[in-house]
Structures are given as structure tokens and as C-alpha cells.
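Written out below as C-alpha cells is the structure these notes cover.
The values are calculated or read from the model by the stated rules, or taken from the named source; none is laboratory data. Source: prediction; values computed, not measured. For neighbour counting, all protein chains shown are included, and Cβ atoms are generated from backbone atoms with ideal geometry for every residue, glycine included. Each accessible area value is taken on the protein alone, full model and side chains, heavy atoms only, with ligands, DNA and RNA left out. Shrake-Rupley method; radii C 1.70, N 1.55, O 1.52, S 1.80 Å.
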Amino acid sequence: MGVKNHKYAEVLLPLALPKSYTYLIPEKFSDLVRFGVRVEVSLKNKFYSGLIVTLHEDIQNPGYALKSIISVIDKTPIIDENHFALWKWIAAYYMCTLGEVMNAALPTGLKMSSETIIELLPEPDIDIKELSDDEYLVYEAVELRRSLNIREIKEILGRSTVFNVIQTLIDKELVNLKEELIDSYKPKKIRLIKLADQFSRDEGIHELLEKFKRSKHKTNALLTYYQLSKKNEEILKTDLMEVSGAGSSVIKELVDKDIFIESDKTISRLKTWNNKLSDLPQLSDTQRSCINEMDKFFDTGNHLLLHGVTGSGKTRIYQEFIARTISNGGQVLYLVPEIGLTTQMINRLTSVFGDEVYVFHSKLNQQERVEIWNSVHQGKSVILAARSGIFLPFRNLQLIIVDEEHDSSYKQQSPSPHYNARDIASYLGTKLNIKVILGSATPSLESYYNCLMKKYAYVKIDQRFGDVSLPEIRISDMRIKSALLPDNSKYSIALVSMIQQSLNNDEQVLLFQNRRGFAPTILCNTCGWNAKCPNCDVSLTLHKNMGELKCHYCGYRKNTIDKCPACGSIKIGHLGYGTEKIELELRNLFPDSKVKRMDLDTVRTKNDVETLMNEFEEKKIDILVGTQMITKGLDFEKIGLVGIVDIDKLMQFPDFRANERAFQLAVQVGGRAGRRKKQGLVIIQTHDPVNPLLKDILNSDFESFSTRELEERERYHYPPYVRIIEITIMHSKYDKCRAGSIELAGNLRTRLKTVLGPAVPGIGRLRGLYQFSIILKIGKYGTDLSTVRKAIDDCKKKVLNTEEFKSLKINIDVDPY
């Protein structure tokens, strides 16, 4: 029997919980609660801001004691039904919980959770002189400030671990703990000063000056206000104090006497673009023809793959569709792989659309992310965003552009949900009946296959804007040694000579090596010992400039070594090449040239990227060495040569997508060369010059590459012909991890057809946990994904519900990329 005459709300929490929870709605909140508003609730003695997703007049017995909603946070919903429907689809497709989707979707500033507060207990029964130094420091600080949070105590003690000190104070009955819900978003406000109306005329000012003629500070404040208020009668309090030299007490006295009126005003933290707006550039005949063709396709469908060679002017075509959408009152989501590498793209959009453009990405602080969220909800026109932008609460989304749609950065690797923003964009195109443009010079085989199956329209631009020639590509056979270079040289004589020729011609050079650091392996030439990460089954990478050995997976680091810890030998060798080593060697080879490096070690912030881009554009850099960062966002006219130092590592990577990624990276980085008037040159170094992939790269022949690759994928049952689900089992003990994996795989084989493994993946231990992988291959047609999900859930629960395997961690990744 249900309980009558009460209202109930199902509240979703941003946690990996299998369901939402039901709460009582107090009578005082009955007019405030509605779908999509946040409410404060408690769960297991902690407070959270949850989201109301369902309202009930009556419920069945939930099986637990109902708690009441503590407070209502929002006056209006922060999401709508369409938004929540997307969350549910993501949770179902990517086999995760709704709470995990909510956690990924909402900016941190909209996710409040409780914070532990330490407060003083009255009348202590212990002499505080008996406290240790650390205990006394904390006790005295709490006594002075009434309460402290954990972060503040860590700062006071200068330590990262403080819980033992806090526990001792609790045991001695000196302090108590409580939980408080912390709202991390606070609107930015400025304090304004205005002269009271009765003094606003000239005679009023004269009256005040006469009245305060003996007070220098008040006179200065009044005269300064008079000067600053000529453009606007409300002026910043900080400006008034700074210019007049009057202190806050002087201003307060004038406010208390009702001469000045003080007020707060909420302002935006978001960057405004001061660009002088320009008209859209003239379309070329090729671009105009392409747009006409796209219009025809959009008359009958929503999805279109724009396959344009590098430098073909795809951005100008995007601008045309953006302008149309804005004029129709619609919103545009423009997705890019990495915001930090798109400085030129931002400039191109803002120069035309100005303050209609907002940029959304993870490097914004949480306050700015909330403000963009709210602006999108209110109808902001153009959002340039990385993958997380797919969650923004658009009200009238009419166009999604996914630039460089092949890029793996659109796939969320960790934490769950492991979504792909490109695929969610495709889903939204169908669900909302809106246009979706996927653009790339090297389309993903999944998107290209959808074109072959007539799911997407396909439009190709096969020539560069302005009839500039595509770069010449040469293969350099590294098996052929030159007497002019050492036997172990990483550079062919062809590459070295063309670098010199480009520098002589006042051109810039890009060199690509997809490995950062100085050397990926450090070993002892006497006993064979090599430096390994204690937490992961990988070698530590030498970063010579930092004097460190680092793990690129867990972040472990230690000082570099000059003798072997196993045998004591000083014969320490370095195997392999990273960008840091190449940078150093190029400086020795070309001492008169300015050589710089672009990787995660040298550009950690958006400002670092912009600074490097500006230096390159202003030709303060002659040779730029980089990882795959340099394949994106670089469009400079002076690049005459691009060198790919070692393409073999890309082609030999143990992944069914290795050839696809090698083709994409080679074409993309090569496309940086000669993008204006003069034809550029690309040199690719390899020990396998007869590899058929290199022939396709040499001829920029996507059709030949895709035909061969798709035939192989179909023969061996790989995407896009099947759907792959990778299940990773993790535990700190190898035997338990292996046994649990075998048990889970056995259970899955009773429910599903193609179950491969368990097997140890490429890295058998990561961040202290051993790993086993199970691969499921699911047919794309005739297979109900909900049935597959139920089978996986049932088998997973069966394993985790046993005493032996309850401590296993199981991760599910649908469509690993």
C-alpha cells in the first residue's frame, strides 16, 4: 500500500549508484520542486545536491526509511526533459549509471557535496598544555576561527596527511566533526557607488564641497566621483578609492550620511572578444559548389561527412552554416578535439561572430564553466567546445559541427562514462532532427562506412583553397646508411639536407615524433637492468632537462641515476628517441637556428600554447619538434618542410586501428606543409618502405587505404562491422585478478556468442592494479544492445557477489577507441 497525501521526489545524485533515491517533499517546498531543479539531500550522513528527475503523488514502499528534502537550490530547472533523455541514452549505450553521466555532464560548480568541518567543543576536560605541537596548532586555529575545513588544516600544518591529528583531538574531546554542503559556485559581483539623487545637480555638488571643505579626503572623493561619473553615474568603488586616495572608512562615512549610495552588481567572468568584426571571406567556386551540394543532402537527411583535404577551406564552409543558423535564431555547437590547440580557430570565429562565441573546455575554472552553462541555457548562439560541450543545456540547438571527427580525443577514457562525443552528436542529430557536419581530411573508417551504407551523406573537396598544391611526399629508407652520419643516427641524409635547404630558403620546419621525453628506456649496459615504474608494467622515461625518470601513466617520478642500482656499473645507456632528445640533437646539428619543442612537458596551459603559436607565427622559431600536438591547429604560411622521424612505431602498434591512426597522423602532420603559395615537402622515415600503407600515404589515396582496411576489418570481424565491448578486470593481487577474469569470461560465454579472453593487455599492471581484458564482439544488426547489457550486468553481479571476488574492479568500455 502506498502512503497517501504526500508528494515524493526521485532525486538523482552524481555518484556511481545503481538508482535514484526517493525523498519526501516538505509542505514548505511543494510549490518550489519541479523536474530539473537541484535539491539538498542527505545520504549516509553526507549532504549532496541532487537533481529531481521524477515527482510522485504516491509511491510503493521503497524498502528504506524516507528522508526529507533539506532545501531547494534552484528557482528554475538547470536541465530539461530532452537533456535528461540524452543522459539516459548515454547510460544505456555506454553501460554505466545515470549518476556517472550526471557527474560528467554537470560543471563542478553545480555539483555540491558536503565538506567536513572541524569545530570546537565547549569546556574541554584536558589541559591544552598536554597537546603536541601539531595538536596545539590546530586547536588554537579552530579556537580563533571557530571552525576549519580539512584543506585549511593541511595548510596550517604544511602536511598532506592530517587525519591522525584530527582523530587525536576528537579522542581528547576537544573538537567535533560536522558536514556542511558547500556551494562552489558564487556569482562574481562588483561594488558600485552612485551619488544620491538630491545631490546629483551641480548645486548639490557645490553644497557638499562647501560642507566638507575642511576634510581633504571627503573633498577628494567627491571631486573624483564628479570626474569619473561623466560617462556613467555608477562607478566602481575600487576606482573611486584608487584615484581619490580615500580609504574605505571615508567612503563608508559618506554612504552612512546618505550622500553616496552603495550597491552590488553581478557581472560575467567570461571573456569578451574585442575583435573588430569583419564580413565573411569570399567563397571560392569550389566552396560554393560544395555548399550547394551539402544543401541538397540536408533537404533529405541530417548527417553529412565533409571530406576535405588539408588546407581546403573547411572552416569557411562551417562559417557559412553557422551564419545561417544564427540568422534563424538557432544555436550551434562546434566541437574540436582540443581547445588548447585551436587559437587560430577561435580568432577566425570571433572575428566574424564576435561575442556570439563562447569557448567551453576543462581548463576554465568552475565559476566560468557554470556561467557558460547558464548562458547556453539562456540561448547563447555559438559554443566552441571540446568533448564535454556535448552535455551543455542547449534550448534551440540546430547545428553540430564535429571538426577533425576522426580524432581519438573525442573519446572519454577515464572516468566512466566512456563516451565518444562524435557518436553522441550523431545520436542528437537523429533525436532532435538537426544538422550534423562531420569534417576531416582523414575521416574515421566508422564515419566513412556510414557513408557507404547511405546513413550519412558524403561530400569531398579534393583541392586546396586557392589552388595551392598538396605537399610532395617522399619516403626515406632508413636501412640505407650514409657515411656522413653515424650508424645509429635517427635522421636520414635526405631529412638533414632538406632541413638545411629549408632554413636557407627562410622557411620553417616541423618534425614529428610521437613520444615525449629524452629516452623511453634507461638500462645498464653491464647487467641489463632497466628502470621500471613500481606501480605499472612500463619503463620509466628519462626527462633530462628535469633530471627525472617519469612514468607517463601513473605520474610516478624519481631522480635520474648515474650508476646501476643492481650492479653498481656506471655504464648507463639510453634506448629510443623522444622529442627532448631530438630537440637537443637538432640544436647541435643546426646551431644557428632557433629550435623549440611542443609537447606536454613544454606547453601545459592554454597560455603556453598561445605563446608558442605566436612565436612560431612571428618566425621566432625555425624548427619546431613535437608530438601529435603539432598535427592540430597549425596553419602557417612559412612551413616548407615536415619530417616524420619514425612512422614505423605507429604502424607496428598492437591495435587493430594502428594503420588507420598512422595514415591519419601522417596525412594530418604532412598537411601542415606549404599551405599558402609554395608547395611543401614531407619526408617520412621508415625501415619498411614497401609497406602498402606508405604507398597510400605517398599518393594521399584515402580510397585505396579505406578499401583495403575495411576488407581486413570485415574478414576478421572488427569495427565498423561489429561492435566491440572491452571489459577490464582489476585487482592488486595477480592470482585473484586472473581467477576472477576466468570466472567472468565463463559466465559471459553462457549468455553471449563471441567472448575473447581473458588475456593480459598491453600493460599488465597499471597504477598498482593487475589487469585482465575480455573482449566481446557484438553484431551491429539483429542484436538488441539492452539484452547484451543485461547479460553483462548479470554476469558482473554474479562474480562480485561472491566472497572471493567482491573486491575486484570491473570496467566496461563500449566502442573503445
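Conditions (1) open to solvent by less than 60 Å² (accessible area, probe 1.4 Å); (2) touching a Ser or Thr at 6+ places or on another chain (Cβ under 7 Å); (3) hydrophobic (A, V, I, L, M, F, W, C), marked per residue:
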{"residue": "N103", "(1), (2), (3)": "no, no, no"}
{"residue": "I118", "(1), (2), (3)": "yes, yes, yes"}
{"residue": "K129", "(1), (2), (3)": "no, no, no"}
{"residue": "V165", "(1), (2), (3)": "yes, no, yes"}
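Applying the condition of being closer than 30 Å to E371 by Cα and surrounded by 15 or more Cβ atoms within 10 Å (Cβ to Cβ) to region 192-232 and asking which residue is nearest to the chain's Cα centre (by Cα) yields L192. Yes or no: K67 in contact with a strand residue (DSSP E or B) (Cβ under 7 Å, 6 or more places away or on another chain) and open to solvent by 50 Å² or more (accessible area, probe 1.4 Å)? So K67 fits the description; yes.
Does region 611-618 include one or more residues that are β-branched (V, I, T) and either surrounded by fewer than 20 Cβ atoms within 10 Å (Cβ to Cβ) or without any contact (Cβ under 8 Å) to a residue 24 or more places away in the chain (or both)? Yes - at least one qualifying residue is present in region 611-618.
Reported count of residues in region 25-51, each being touching a residue at least 40 places away in the same chain (Cβ under 8 Å), out of contact with any Lys or Arg (no Cβ under 7 Å at 6 or more places or on another chain) and not in a loop (DSSP other than H, G, I, E, B), is 6. Tell me yes or no: at least one residue of region 709-719 is open to solvent by less than 70 Å² (accessible area, probe 1.4 Å) and touching a Gly at 6+ places or on another chain (Cβ under 9 Å). No.
Taking region 566-592 as the range and being assigned to a loop (DSSP other than H, G, I, E, B) and either crowded, with 17+ Cβ neighbours inside 10 Å or touching a Gly at 6+ places or on another chain (Cβ under 6 Å) (or both) as the test, the residues that pass are G576, Y577, G578, F590.
Against the conditions (1) touching a His at 6+ places or on another chain (Cβ under 7 Å); (2) open to solvent by 20 Å² or more (accessible area, probe 1.4 Å); (3) farther than 24 Å from Y716 by Cα, T802 satisfies every one except (1). Just one of the listed residues (V370, V359) is among the aliphatic types (A, V, I, L, M) and in contact with a strand residue (DSSP E or B) (Cβ under 8 Å, 6 or more places away or on another chain), namely V359. The number of residues in region 324-356 that are open to solvent by less than 40 Å² (accessible area, probe 1.4 Å) and either among the β-branched types (V, I, T) or farther than 26 Å from M613 by Cβ (or both) comes to 11.
In summary, K736 fulfils each of the numbered conditions (1) in contact (Cβ under 8 Å) with a residue 12 or more places away in the chain; (2) of a type outside the set (A, V, I, L, M, F, W, C); (3) farther than 20 Å from C795 by Cα with the single exception of condition (3). Considering S388, S381, the condition of being touching a helix residue (DSSP H, G or I) at 6+ places or on another chain (Cβ under 8 Å), surrounded by fewer than 22 Cβ atoms within 10 Å (Cβ to Cβ), under 19 Å from N328 (Cα atoms) and of a type outside the set (A, V, I, L, M) is satisfied by S381 alone.
Under 43 Å from the mean Cα position of the chain (by Cα), more than 30 Å from L384 (Cβ to Cβ) and modelled with pLDDT of 90 or more: is that true of L240 in this structure? The answer is yes for L240.
If only residues of region 52-64 that are of a type in the set (V, I, T) and either modelled with pLDDT of 90 or more or part of a helix (DSSP H, G or I) (or both) are counted, the one that is most open to solvent (accessible area, probe 1.4 Å) is T54. Y449 meets the stated requirement of being of a type in the set (S, T, Y), open to solvent by less than 70 Å² (accessible area, probe 1.4 Å), in contact with a Pro (Cβ under 8 Å, 6 or more places away or on another chain) and not in a loop (DSSP other than H, G, I, E, B). Among the residues of region 732-774, the ones that are of a type in the set (F, W, Y) and surrounded by fewer than 17 Cβ atoms within 10 Å (Cβ to Cβ) come to 1 in all. Every test in (1) closer than 14 Å to A196 by Cα; (2) assigned to a helix (DSSP H, G or I); (3) of a type outside the set (V, I, T) is passed by S249 save one, and that test is (1).
Of all the residues in region 219-240, those that are touching a Ser or Thr at 6+ places or on another chain (Cβ under 7 Å) and assigned to a helix (DSSP H, G or I) number 4.
The single condition from (1) within 30 Å of the chain's Cα centre (by Cα); (2) open to solvent by 50 Å² or more (accessible area, probe 1.4 Å) that T728 fails is (2).
All conditions in (1) small (G, A, S); (2) closer than 30 Å to R369 by Cβ; (3) open to solvent by less than 40 Å² (accessible area, probe 1.4 Å) hold for S244, with the sole exception of (2). The one condition from (1) assigned to a loop (DSSP other than H, G, I, E, B); (2) open to solvent by less than 40 Å² (accessible area, probe 1.4 Å) that V359 does not meet is (1). Inside region 405-426, residues that are more than 16 Å from Y456 (Cα to Cα) and open to solvent by 20 Å² or more (accessible area, probe 1.4 Å) make up a count of 7. Determine whether A666 is closer than 25 Å to V468 by Cβ and open to solvent by less than 60 Å² (accessible area, probe 1.4 Å). Taking the combined requirement at face value, the residue satisfies it. No other residue among D622, D601 is open to solvent by less than 40 Å² (accessible area, probe 1.4 Å), within 21 Å of F512 (Cβ to Cβ) and more than 27 Å from the chain's Cα centre (by Cα) apart from D622.
Is it the case that some residue within region 552-565 is open to solvent by less than 20 Å² (accessible area, probe 1.4 Å) and not in a loop (DSSP other than H, G, I, E, B)? No: zero hits.
Answer yes or no: is there a residue in region 660-675 that is farther than 22 Å from D635 by Cβ, among the charged types (D, E, K, R), assigned to a helix (DSSP H, G or I) and free of Cβ contacts under 8 Å to residues at least 12 places away in the same chain. No, region 660-675 has no match at all. Of all residues in region 127-146, exactly one satisfies the criterion of being modelled with pLDDT under 75 and of a type in the set (A, V, I, L, M, F, W, C), namely I128.
Selection of first residues in region 498-526 that are acidic (D, E) and of second residues that are open to solvent by 80 Å² or more (accessible area, probe 1.4 Å) and part of a loop (DSSP other than H, G, I, E, B), restricted to Cβ pairs under 8 Å at least 6 apart or on distinct chains, gives the following pairs, ordered by first then second residue: D506/K638; E507/K638.
Scanning region 147-188 for residues that are modelled with pLDDT under 75 and at positive phi gives no hits.
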